[in-house]
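One structure is given below, encoded as structure tokens.
The values are calculated or read from the model by the stated rules, or taken from the named source; none is laboratory data. Remember, it's a predicted structure, so these values are computed and weren't measured experimentally. Methodologically, a virtual Cβ is constructed for each residue, glycine included, from the backbone with ideal geometry; neighbour enumeration extends over all protein chains shown. Accessible surface is based on the protein model in full, side chains and every heavy atom, while ligands, DNA and RNA are left aside. Shrake-Rupley method; radii C 1.70, N 1.55, O 1.52, S 1.80 Å.
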Amino acid sequence: SRAEAGQVATSKPASREPEPLLQELQGLIQASQDAFIRRDDGRKRFAYQCNYTPLELLSASGASHIRLFRAGDPETVARGERYTQSIYCDFTKSCLGFFSSGDPLYSAIDGVYNFYTCNTVKRVSEVLDRFVPVKLLNLPKIRTEASSRSFFRLELQDMRRDLESKTGQMVSDEKLHEQIVKYNSLRRLLRKISDLRKFRTPPLSGRDFLEISKAYYYLDADTALPALQRIYDRLSATIGDQVGDPPLRFLISGSVIADGDRKVHEILEEEFGGVVVAEDVCTGVRPFCHVLSETGDPLQSLVDGYLDQAPCARMKPLQDAARFAANLGREYDVDGVLYAYLKFCPTHSVGMKTYLTEFQNAGLPFLELSSDYSHSSEGQIRTRIEAFIEVLLDKKNHCHAAGAAAEVAAGAAP
């Protein structure tokens, strides 16, 4: 029953939400976006969509930068659809919709750097050029080939020259090295915060982590590092304070979870008491599972570091990405996996079978979900998650009963 499924965790400890530090971080992000809009520092303002975009290059140029990953409401999505087709995902349509509606944050952007990751992003990049200059770069699919490394290096050199031309500042090796060190520190810290979810009763929810990780996309490293360190110190100090039964633990794998898209988290964590402990998505923990070399040629460090990061489903072979997702589930000791993707996402819908096979081989129960940014699918998602939780609870209760019987049998043995 729903009542039984809702008892995944018998209590939610007060320390689970990192308040007021999360509010402080949200305030820093809002202040940074307000400054971005005011344009009162004379710096160029750039944006990007894909997580393969080297933030170190953008920062070394002296420019401000943000990620274009906000989820639009149905009206914003509809605005974007005027420039595409209905079969495009709501993520890309939202991006166009925000530009079309004159959103203040998006209107403040001087240029966009996009990598050709999927056909919809490529098409959106072409349409975005109506609103703002777009530099579309290519990303090799086969990351293990030496020719891919050479090609990607040429693309990053092109991006470097373009940044220098637009900002009027030279992007030196020294500046690049400095930013590599800073962003490595930022990625390590965000991974440490995520790793606190490995405790049986995590001190933060999956929704909390998504809000915390927004600092990586909206704040400069110098502002984000001390704020995130305070959050980590606060959360790590609460370990061991939690009481009650541990919640069911979930991995979310699939397409991008945009800023504002919290539908699955609200249903899973707030209604049924589960907890998302890891995300194999490009806005979850996956981007923070790698660091770049801090020695040698900094441009080559960018080439190798970004190609060697936890792979996106658009990279080949697809088995590498699926295997990483399954390994992440094992590392975080999850009870189940939600393979959640946006409707019409060509990358994650076509590659779904490979992922689900890998989860099955790893012994990880999974549920496949597709949705958009409307509210029409919430009821169906709620029903399917509830049924999935009931299956996991039955499995857990069966294992407990079998373990107890084994202990009784062992005690009765002569």
### Query
Among the residues of segment 64-95 satisfying the criterion of being hydroxyl-bearing (Ser, Thr, Tyr) and open to solvent by 10 Å² or more (accessible area, probe 1.4 Å), which is nearest to residue 178 (Cα to Cα)?
64
### Message
Exactly one condition in (1) in contact (Cβ under 8 Å) with a residue 24 or more places away in the chain; (2) within 23 Å of the chain's Cα centre (by Cα) is false for residue 159; which is it?
### Response
(2)
### Task
Quickly run through segment 317-355 and pick out the residues that are among the aliphatic types (A, V, I, L, M) and out of contact with any strand residue (DSSP E or B) (no Cβ under 9 Å at 6 or more places or on another chain).
318, 350
### Query
Here are some conditions: (1) at pLDDT 95 or above; (2) more than 30 Å from residue 178 (Cβ to Cβ). Residue 394 meets all but one. Which one does it not meet?
(1)
### Query
Any residue at all in segment 226-245 that is under 23 Å from residue 112 (Cα atoms), open to solvent by less than 50 Å² (accessible area, probe 1.4 Å) and in contact (Cβ under 8 Å) with a residue 24 or more places away in the chain?
no
#### Entry: Among residues of segment 261-284, those that are touching a helix residue (DSSP H, G or I) at 6+ places or on another chain (Cβ under 9 Å), open to solvent by 10 Å² or more (accessible area, probe 1.4 Å) and not charged (D, E, K, R), counted
1
### Task
Among the residues of segment 179-212, count how many are of a type in the set (D, E, K, R), surrounded by 16 or more Cβ atoms within 10 Å (Cβ to Cβ) and touching a residue at least 40 places away in the same chain (Cβ under 8 Å).
6
## Note on the structure
Flagged pairs (Cβ under 6 angstrom, 6 or more apart or on separate chains; first in segment 334-355, without any contact (Cβ under 8 Å) to a residue 40 or more places away in the chain; second open to solvent by 10 Å² or more (accessible area, probe 1.4 Å) and among the hydrophobic types (A, V, I, L, M, F, W, C)) are 351/318; 354/318
### Task
For segment 350-379, name all the residues that are aliphatic (A, V, I, L, M) and closer than 15 Å to residue 263 by Cα.
369
### Message
Being part of a loop (DSSP other than H, G, I, E, B), in contact with a Phe, Trp or Tyr (Cβ under 7 Å, 6 or more places away or on another chain) and either modelled with pLDDT under 95 or more than 20 Å from residue 49 (Cα to Cα) (or both) is the requirement here; does residue 277 meet it?
### Response
no
### Task
For residue 131, state whether it is of a type in the set (Phe, Trp, Tyr), within 26 Å of the chain's Cα centre (by Cα) and surrounded by 15 or more Cβ atoms within 10 Å (Cβ to Cβ).
no
### Summary
Checking 61, 101 in turn, the sole residue that is more than 20 Å from the chain's Cα centre (by Cα) and open to solvent by less than 30 Å² (accessible area, probe 1.4 Å) turns out to be 61
#### Entry: Test: residue 112 is in a strand (DSSP E or B) and open to solvent by less than 30 Å² (accessible area, probe 1.4 Å)
yes
### Summary
When residue 76 is run through (1) under 26 Å from residue 167 (Cα atoms); (2) of a type in the set (S, T, N, Q); (3) in a helix (DSSP H, G or I), the failure sits at (1)
